[in-house]
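Take a look at the structure below.
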Amino acid sequence: MPVQIILGAQWGDEGKGKIVDHLSEHVDIVARYQGGANAGHTVVLPPGKGKPEKEYVLHLIPSGIFHPRVTCVIGNGVVLDPVALMTEIKQLKNAGIKVAGRLLISHNAHLIMPYHKMLDAARERGEEKIGTTGRGIGPAYIDKYMRTGIRVVDLLNRDTLCKKLKRNIESNNELLNKLYHSQSLNVEEIINEYQEFDRKLDEYITDTSEYLNNALKRKKRILAEGAQGALLDVDHGTYPFVTSSNPTSGGACTGLGIPPTAITSIVGIVKAYSTRVGNGPFPTELNNETGELLRKTGGEYGATTGRPRRCGWLDAESLRYSIRVNGIQKIAITKLDVLDEFKEIRVCTEFKVGGKKLTHYPTDSQTLDAVEPVYRTFKGWQTKTSGIRSYGKLPKEAKTYIEALGKILGTTIWMVSVGARRDQTLIVR
Ligand code: GDP
Ligand code: IMO
Ligand code: MG
C-alpha cells in the first residue's frame, strides 16, 4: 500500500467484486475510478448471526461497502447514473448496511442522463453493434470529451443545469425524434428529477481527489477498484469492441485525481478461463459442449444484463499483453473450482496466423479474429476444490496448472479463488 490497484485483466467479470471485498478487510478506503452502472460486481457474504449466505450485485458502489470501517469513493472518472445509485443505496440500506457517512461521490463525476441510455440503445440498433450493456456509458463519455457533459457539481445551479440540458437535448434531437418521438423528453421533468437526486445525494458529494490526497498524507491504505477489464479499455482493448473508459491501471490516477507516485501495487484479476459479453474478437472462444459446460458450471450469465457470457479457454497471449499495459505485478486467479470437473484443461500460449507465430499482440479486431490459438494441455484434477482452505491442500494437478500459469505469464500468482465467498480464497506461498 498506500494505493493498490485491483483491476480486471481480461474482458470483465473476472471476480473483481469478490477479491476487492476480500481485501477490504485490510484497507481504509475503496475507490472506483471509471465506468458506470455497466459494471456488475458480485459479493457473496458468508452466513452469520442466523442469516443465510447472501449475494449482492454492485453496479456503482465500491465493493468495500460490506466492511463497516471502510469509506467508499466514487471518483471523477466514473459516469454516475443517479437512478441506479439511488436504487443501490436503498437496497443496501434495506439489507441493514450503513451507507451514510461511508460513501463519497466526486463533484466532478459526469452524470448519465435519460437521453444517454436512449442514444446507447439507438446506436445498438445499427449495423456496427457493440453489444453494450445499454446503460448510456458511451454517450455519457462522448459528452464528457465533447466538453458538453453535465457533472454532479452542475446540479447545484438550476439555471446552468437547464441551459446545458436544453442544449444537449437539442443537439441530439434529430436522432432522438426519429427513434423516440422525443416529446417524451421533458426538460422541466428531468431537471426536477435530477434536483431531487441532488437533495438526496448532497450528503455524499465532495472533492474526492482532495479527500484521497489528504488520506494519502495520513498514510491511509487505499484500494482502487477497476470496473470492466483491460481488454475492454478504450485505448488498449479490442477496439472498437470496448467500453468507453480506461479500466487499465493508468485510469486509476486520472479517474481519482491521485498521482502515479502514490501507486505501490497493481493486481490483475484473472479468471481461470476466459469469458466475454457482447461482440468482438475472442480467439479462444469455444462454441461447443466444452464452452457450454464452462458457462453452466461457472454460472456465466451477466451480472448486469443477464446475457449468457461467451466462454473459452484461458488466453495467456492476451494476458501477457494485459500484464504489460497495466504493469501488473501479481495475479489473483479466480473460479479455479469451475474447472474441477474437466478431464483436460487448455491454455492458449501463443497465436499463429497462416501457420506463423505472431510476435506482436494484434490490437486490430480483424487480425485478432483471424488468429489461430496454440494450446498447451494440462491434466485435470477432477476433485472438488471449493472446500479447500489452504493452497498446499489443492490437488497436485491444480498446483501444476497454477505454477505453470505463473511461468507462462511471467508473473507471480498471489491468490487463488475456489468459490464466490470470502473464505474461499487461498494465498499462494
Ligand atoms: P466482476 O464483475 O469482476 O466483479 O465479476 P462478476 O461478479 O460479474 O462475475 C463473477 C462471478 O463469479 C460472480 O457470480 C461471483 O460470485 C462468482 N465468483 C467469483 N469468484 C469465484 C470463484 O472463485 N469461484 C466461483 N465458483 N465463483 C466465483
Ligand atoms: P464488470 O465491471 C463484462 C462490455 C459490454 C460490451 C462493451 C461495451 O462487471 O466486469 P458498455 O455498456 O460499457 O458501453 O459496453 O463492454 N461490458 C462488460 N463486460 N463486464 C463488465 O463490467 C462490462 N461492462 C461493459 O458487454 O461488450
Ligand atoms: Mg461483472
Karplus-derived HN-Hα couplings along the stretch 279-284 (A = 6.51, B = -1.76, C = 1.60, θ = phi - 60°), whole Hz, x at Gly and Pro: 7, x, x, 8, x, 9
222 nm mean residue ellipticity, helices alone, for the chain (DSSP H n ≥ 4; -39,500 (n - 2.57); rounded to 500): -9500 deg cm²/dmol
Order of exposure, largest accessible area first, which applies to Thr305, Thr385, Thr359 with probe 1.4 Å: Thr359, Thr305, Thr385
Protein-only accessible surface order, largest first, of Asp159, Asp233, Asp207, Asp202 at 1.4 Å: Asp159, Asp202, Asp207, Asp233
Rounded if a/c under 1.5, otherwise prolate or oblate - the stretch 1-58, Cα gyration tensor axes: oblate
Accessible area per residue, Å², the chain with all protein chains present, probe 1.4 Å: 43 Å²
Calculated from backbone phi, Karplus (6.51, -1.76, 1.60) coupling profile of the stretch 361-370 in Hz, x at Gly/Pro: 5, x, 10, 8, 4, 4, 5, 4, 5, 9
Whether the stretch 110-204 is rounded, prolate or oblate, judged on the alpha carbon gyration tensor where a/c under 1.5 counts as rounded: prolate
Distance in nm between pseudo-label sites at Val187 and Thr148 (7 Å out along the Cβ direction from Cα): 1.4 nm
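Given an 8 Å cut-off on Cα distances and at least 6 residues of separation, report the relative contact order of the chain as a percent.
Working: 945 pairs, mean separation 86.9, N = 429.
RCO, the chain: 20 percent.
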Under 16 Å from Lys271, Cα to Cα: lysines that are on another chain or at least 8 residues apart: Lys16, Lys18, Lys296, Lys330, Lys335, Lys399
Separation between Cα centres of the stretch 376-390 and the stretch 189-253, rounded to whole Å: 37 Å
Antiparallel bridges, percent of DSSP beta bridges restricted to the chain (to nearest 5): 40 percent
Carbon plus sulfur fraction of accessible area for the stretch 110-204, probe 1.4 Å, in percent: 49 percent
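When the accessible area of the stretch 309-382 is computed with all protein chains present and a 1.4 Å probe, what percentage of it is carbon and sulfur?
Working: 1550 of 3350 Å².
With neighbouring chains kept in place, the figure for the stretch 309-382 is 46 percent.
Sort Cys253, Cys311 by accessible area with a 1.4 Å probe, largest first. Before the final figure, lay out each step's value.
Values: Cys253 20, Cys311 0 Å².
From most exposed to least exposed: Cys253, Cys311.
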Relative pair counts by distance (%), Cα atoms of the chain, 10 Å bins: 4, 22, 31, 25, 13, 4, 0
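The values are calculated or read from the model by the stated rules, or taken from the named source; none is laboratory data. The shown structure was predicted, so the numbers you read here are calculated from the model rather than taken from an experiment. Every residue, glycine among them, receives a Cβ derived from its backbone with ideal geometry; neighbour counts consider all protein chains shown. Only protein heavy atoms, including side chains, enter the accessible area calculation; ligands, DNA and RNA are left aside. Shrake-Rupley method; radii C 1.70, N 1.55, O 1.52, S 1.80 Å.
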